[in-house]
Amino acid sequence: MSLISILRLKITFESLLIPVCMVLFLVSCKGPSESGVMQTGEYFFPDGYLDQPENIPSFWIATPDEINSFLKTKVTKGKVERIGTSAGGRPVMAVMYGEPRKGNGTTTFSGACGINNIAPYRGPDNDKTVYVGLGGVHGYETEGITGVVNLISVMETGKDLNGREWPEITSVKEKIDRIILIPLLNPDGRERVPVIMQTHKGASKDSYLVHEYLNTGGKPDGTLIGWPDVKEFIPMDFSKVGFPGGYPNDAGVNLMHDDFFGNLQPENQALFDLAAREKPDIIINMHTGAPGNNYFMRMHRPMCEPVLNPVYDSLYISVHTGLTLQGLQSTNDPAIEADPAKSPRGVYNLDCALNLHCGALSVVVEAPSHGISGTDRSGKPVMQTPEMILNGELVVHLEAMRFLAETGGRSKWKSISDKR
Ligand SMILES: [Zn+2]
């Protein structure tokens with residue numbers, strides 16, 4: 001997903017010409033060499049687009065090397081597993097906590113829908129609760145990536161990498177049977193963007209340009225490809241763009257909009273295989289793209305089985321109430337911030353496909369970006385610091401896990417397991 005539609009709508013043709021007039025320079029980036037993937041060639045970045053802060057917080061772990069090093073050296077309680085390999089040949093890693101489901105079901109998920117009972121699909125331990133936290137489906141949406149890495153830190157030590165203790169996460173994780181954390185599904189996209197944290201660009205109407213260029217890509221003249229226009233070309237032909245952005249993998253495919261019933265990309269194949277094996281109840285898919293005029297974490301209603309809509313309403317209330325009580329929404333009033341009727345709606349995408357694949361309630365949460373300011377509901381400026389974003393990421397995971405623990409998951413939800 002991407003960002004700030006309100007701000008984007010304000011962009012005029014003239015304002016888009018401004019970056020074109022900037023001095024462009026070439027940055028040579030090494031393209032992937034594996035067969036079957038596109039050559040990325042040389043990328044264009046308008047002047048200043050690769051600027052980074054002098055001091056990037058140590059908790060902001062968001063490159064494939066940093067993540068893999070963290071998993072190798074810091075994870076002792078969880079089981080680190082390479083679940084797949086990206087189109088560009090990079091490992092896709094996960095950390096597993098708790099025991100996996102045992103035994104097989106007797107039917108497909110579709111078959112379970114046909115008899116209005118999920119138990120025969122999930123098997124003898126249908127009652128088990130399984131949570132998946134997912135980051136980095138889009139490679140430059142670093143907020144969700146560092147959020148999952150920090151959640152792994154809390155699972156291991158009780159503290160995030162900023163030193164904050166999270167006793168509620170430590171407590172709730174004991175009430176969930178299985179937790180699977182995938183910090184970076186799209187390492188190709190992440191590796192392609194040579195910025196870990198951009199300098200803060202303020203709140204002007206053009207402030208989003210750098211993030212958007214790095215995220216969804218740019219044309220050879222340095223202007224944006226634009227969101228959602230970038231979705232018109234999947235796979236993206238890297239030879240026709242100035243910079244592909246962090247959205248696609250090295251085969252040019254935006255993993256949110258894969259060919260789900262045809263040829264799945266290897267990253268999604270790994271995720272789908274894991275989902276079929278683990279049969280999660282909830283998947284939280286963390287992105288960056290909070291609305292500019294309400295610049296706070298926002299959960300999106302997925303296109304999913306109708307029976308899950310009321311479950312989603314309850315999950316939305318839980319997560320947004322938690323964020324509100326932590327001071328991480330526009331107001332301090334849960335009645336305003338946690339109204340599921342106001343939830344944005346997703347389209348047919350990865351989360352919809354995951355739901356239909358394994359029955360999970362899979363939802364996108366859009367975070368604000370560390371590099372841009374927005375406004376609150378009343379129009380006052382809002383700057384989201386990396387610390388605030390980190391806290392927001394962890395509160396979302398905490399509240400979603402608490403919801404799963406308290407409701408008992410898919411086997412207990414008012415869902416297809418209820419007889420008609
Ligand atoms: Zn996204």
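The condition of being surrounded by 16 or more Cβ atoms within 10 Å (Cβ to Cβ) and within 22 Å of R410 (Cα to Cα) holds for only one of N391, N355, that being N355. Residue count for the range 297-326 under the criterion of being open to solvent by less than 20 Å² (accessible area, probe 1.4 Å) and polar (S, T, N, Q): the result is 1. Can you run down the residue pairs with Cβ atoms below 7 Å, 6 or more apart or on separate chains, where the first is in the range 366-390 and more than 15 Å from G202 (Cα to Cα) and the partner is basic (K, R)? Within 7 Å, the pairs are E366/R298. A Cβ distance below 9 Å, combined with a sequence gap of six or more or placement on separate chains, defines the contacts here; from the range 166-189, residues that are over 18 Å from G147 (Cβ atoms) reach residues that are at pLDDT below 95 and of a type in the set (A, V, I, L, M) in the pairs D188/V37. In the set (1) more than 16 Å from the chain's Cα centre (by Cα); (2) in a loop (DSSP other than H, G, I, E, B); (3) surrounded by fewer than 24 Cβ atoms within 10 Å (Cβ to Cβ), the condition left unmet by P291 is number (1). Condition check for S204 on (1) open to solvent by 60 Å² or more (accessible area, probe 1.4 Å); (2) over 21 Å from G48 (Cβ atoms); (3) not basic (K, R): one failure, at (2). Out of (1) open to solvent by less than 10 Å² (accessible area, probe 1.4 Å); (2) touching a strand residue (DSSP E or B) at 6+ places or on another chain (Cβ under 8 Å); (3) among the small types (G, A, S); (4) within 15 Å of the ligand (Cβ to nearest atom), what's the single condition that is false for A360? Among (1) open to solvent by less than 10 Å² (accessible area, probe 1.4 Å); (2) touching a strand residue (DSSP E or B) at 6+ places or on another chain (Cβ under 8 Å); (3) among the small types (G, A, S); (4) within 15 Å of the ligand (Cβ to nearest atom), A360 violates only (4). Regarding E156, is this residue at pLDDT 95 or above and open to solvent by 10 Å² or more (accessible area, probe 1.4 Å)? So E156 passes the test. Comparison of E143, E191 shows that the only residue that is open to solvent by 10 Å² or more (accessible area, probe 1.4 Å), within 30 Å of E212 (Cβ to Cβ) and part of a helix (DSSP H, G or I) is E191.
The requirement of being touching a residue at least 24 places away in the same chain (Cβ under 8 Å), basic (K, R), open to solvent by 40 Å² or more (accessible area, probe 1.4 Å) and in contact with a Lys or Arg (Cβ under 8 Å, 6 or more places away or on another chain) is satisfied by R345.
Please enumerate the residues belonging to the range 130-141 that are away from the ligand (no atom under 11 Å from the Cβ) and farther than 10 Å from N285 by Cβ. Correct list: V130, Y131. Whether any residue in the range 112-132 is without any contact (Cβ under 8 Å) to a residue 12 or more places away in the chain, out of contact with any helix residue (DSSP H, G or I) (no Cβ under 6 Å at 6 or more places or on another chain) and not in a loop (DSSP other than H, G, I, E, B) is what I want to check. So far as the range 112-132 goes, yes, one or more of its residues are without any contact (Cβ under 8 Å) to a residue 12 or more places away in the chain, out of contact with any helix residue (DSSP H, G or I) (no Cβ under 6 Å at 6 or more places or on another chain) and not in a loop (DSSP other than H, G, I, E, B). Annotation note: Cβ proximity below 8 Å between a residue of the range 53-70 that is within 20 Å of S369 (Cα to Cα) and a residue that is part of a helix (DSSP H, G or I) and among the charged types (D, E, K, R) (sequence gap 6+ or interchain) occurs for P57/E387; A62/R190; T63/R190; T63/E191; P64/R190; P64/E191.
When we screen L350, L328 for residues that are more than 17 Å from the chain's Cα centre (by Cα), among the hydrophobic types (A, V, I, L, M, F, W, C) and at pLDDT 95 or above, the only hit is L328. The numbered conditions (1) open to solvent by less than 10 Å² (accessible area, probe 1.4 Å); (2) of a type in the set (F, W, Y); (3) more than 26 Å from P386 (Cβ to Cβ) are all true for F261 except (1). Summed over the range 193-216, the residues that are over 20 Å from G135 (Cβ atoms) and touching a Phe, Trp or Tyr at 6+ places or on another chain (Cβ under 8 Å) give a count of 3. The set of residues in the range 150-165 that are closer than 24 Å to E278 by Cβ and touching an Asp or Glu at 6+ places or on another chain (Cβ under 8 Å) comprises N150, L151, S153, V154. Exactly one residue out of F260, F233 is out of contact with any strand residue (DSSP E or B) (no Cβ under 6 Å at 6 or more places or on another chain), away from the ligand (no atom under 16 Å from the Cβ) and without any contact (Cβ under 8 Å) to a residue 60 or more places away in the chain: that is F233.
The values are calculated or read from the model by the stated rules, or taken from the named source; none is laboratory data. Worth saying up front: this structure is predicted, and the values here are computed from it rather than measured. Neighbour counts run over all protein chains shown; Cβ positions are idealised from the backbone, glycine included. For accessibility, only protein heavy atoms count, side chains too; no ligands or nucleic acids. Shrake-Rupley method; radii C 1.70, N 1.55, O 1.52, S 1.80 Å.
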